[in-house]
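Written below as structure tokens is the structure these notes are about.
None of the figures in this text is laboratory data; all of them are computed from the coordinates on show. It should be emphasised that the depicted structure is a prediction, and the values quoted were computed from it without experimental measurement. Please note: Cβ atoms are built from the backbone with ideal geometry, for glycine as well, and neighbour counts cover all protein chains shown.
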Amino acid sequence: MLGACSHSCINVPGSYRCTCPPGLRLLPNGKCTDIDECAAKMHNCHYDEQCVNTVGSFKCVRPCQRGFKLTGTGECVDIDECAKMIDRCHFTQECRNLQGSYRCICPPGFRSDGPGFPCTDINECDIAGTCQHNCTNLDGGFICSCPSGYRLNPNKRTCDDIDECSENGVTCAADHTCFNKRGSYSCADVSCPAGYVRDPGTSLCLKRCRQRSECIPGTWYSGSLSHKLLALPAGVGAGQDVVELRVSDLTNPGRHVQRTFFRLAQRSGGAPFGVRRKNGRGVLYTTRPLPAGAEYRLEIDGFTYSQEVRGWQETSKFVVSVAVSMYPY
Ligand SMILES: [Ca+2]
Ligand SMILES: [Ca+2]
Ligand SMILES: [Ca+2]
């Protein structure tokens, strides 16, 4: 029997005495209670250690690093500054707890100037390449816009040409076709000049021969004329190939003849173009950078010499309409 003692009891003649284990102290009622060695300065912890009281003893622990707090069991745990509302985040900032610290976060489109400061708008328009054309800064965002004739790409940043010909169902007069240009469109004259007849199959203009000796053997024509429409962005430099010219074998559809020589027949307003042969085909190339917004109409003659009939040649004309955009897209 312990009697009134909480821990141990020693029988003495005519009475008893309560005792306590080390670290506990006897109260007048016979109960043992823990001695708080830390509060009573009865510990021998080093000056840079922290005293943690335990039941019956005490521990010396290293103090926690900044942002951590010591638990009753002597462990360091993170202080959740956000939950304890001891953060210094501004009301426009959101507190995000981190191990050992916290961060003040701003909504998307805003920049954090650190704890305590209001979030400031990011001016995305000051950042090169945000928008391909025009940029409008907004509080917490931005809006890109495009010149007329273009629409904003679903990426919300770049501009796409509107193809008025296919989207708006543009109808052009007879012998004209809708020419979709970058940023605009027009109805381009694709009529067959005098002496030519349109071939309904290929839509090429075929040159009626004046005498049988001119004709491609077995046909009524001596050559062809085709129209090409070329929409270029601004910024095409010198020495760039812009279009390939192929001469169809008129008596063998689907084949291209190889023995053709090309010559720029007519150029409007000193058009900066040249033509050369490449793998038996003609290539139209730039001789100078193309100015933004420029338009050209070029005529190129192709001469195909017959391998069978000496001295006989077939002429293929190409009428190339070039439209350069005001913008590099
Ligand atoms: Ca924290
Ligand atoms: Ca902004
Ligand atoms: Ca267009």
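Placing dummy labels 7 Å off each Cα toward the beta-carbon, the span from HIS256 to ALA83 is 7.2 nm. Here the spin labels are modelled as points 7 Å beyond Cα on the Cα-Cβ line, and at LYS59 and GLN99 they lie 1.9 nm apart. Computed from point charges on the beta carbon alone (+1 for Lys and Arg, -1 for Asp and Glu), the dipole magnitude for the chain about its Cα centre is near 1260 Debye. Ranking CYS172, GLY141, CYS95 by how far each Cα lies toward the positive end of the dipole of the range 92-192 (charges on Cβ) leaves CYS95 at the top. Placing a label point 7 Å from the Cα of MET326 along the Cα-to-Cβ direction, the residues of the range 124-159 whose backbone N falls under 14 Å of that point are 133-134, 146-151.
Gain on full extension, evaluated as 0.36 nm per residue between ASN11 and GLU244 minus their Cα-Cα distance, stands at 72.1 nm. Under 5 Å from the amide H of SER224 lie the amide H atoms of LYS207, THR315, SER316, LYS317, each residue being 5 or more positions distant or on a separate chain, with H modelled from the backbone and absent for Pro and chain starts.
Under 23 Å between alpha carbons: how many lysine pairs meet that in the chain, if sequence neighbours fewer than 8 apart on the same chain are excluded? Close lysine pairs found across the chain: 13. The distance between label points at THR171 and THR33 comes to 10.5 nm (points 7 Å beyond Cα on the Cα→Cβ vector). DSSP finds beta bridges in the chain, and of those with both partners inside it, around 90 percent are antiparallel. Under the combined filter of DSSP loop state and at most 11 neighbouring Cβ atoms within 10 Å, the range 65-133 retains these chymotrypsin sites (Phe, Trp or Tyr not before Pro): PHE91. Each pair of Cα atoms in the chain enters the Kirkwood radius, and Stokes-Einstein at 37 °C and 0.692 mPa s then converts it into a translational diffusion coefficient of 113 µm²/s. Across the range 139-152, coupling constants 3J(HN,Hα) worked out from phi with the 6.51/-1.76/1.60 Karplus curve, θ = phi - 60°, read 5, x, x, 6, 9, 9, 9, 10, x, 5, x, 10, 10, 6 Hz, and Gly and Pro carry x. Give me the Debye-computed log₁₀ of I(q)/I(0) at q = 0.09 Å⁻¹ for the range 169-324, equal point scatterers on Cα only, no solvent, two decimals. Per q value, in the given order, log10 I(q)/I(0) is -0.31. Of all GluC sites (Glu not before Pro) in the range 16-113, which ones are in loop regions per DSSP and have a Cβ with at most 16 other Cβ atoms within 10 Å? Those that pass, being in a loop and sparsely packed, are GLU49, GLU75.
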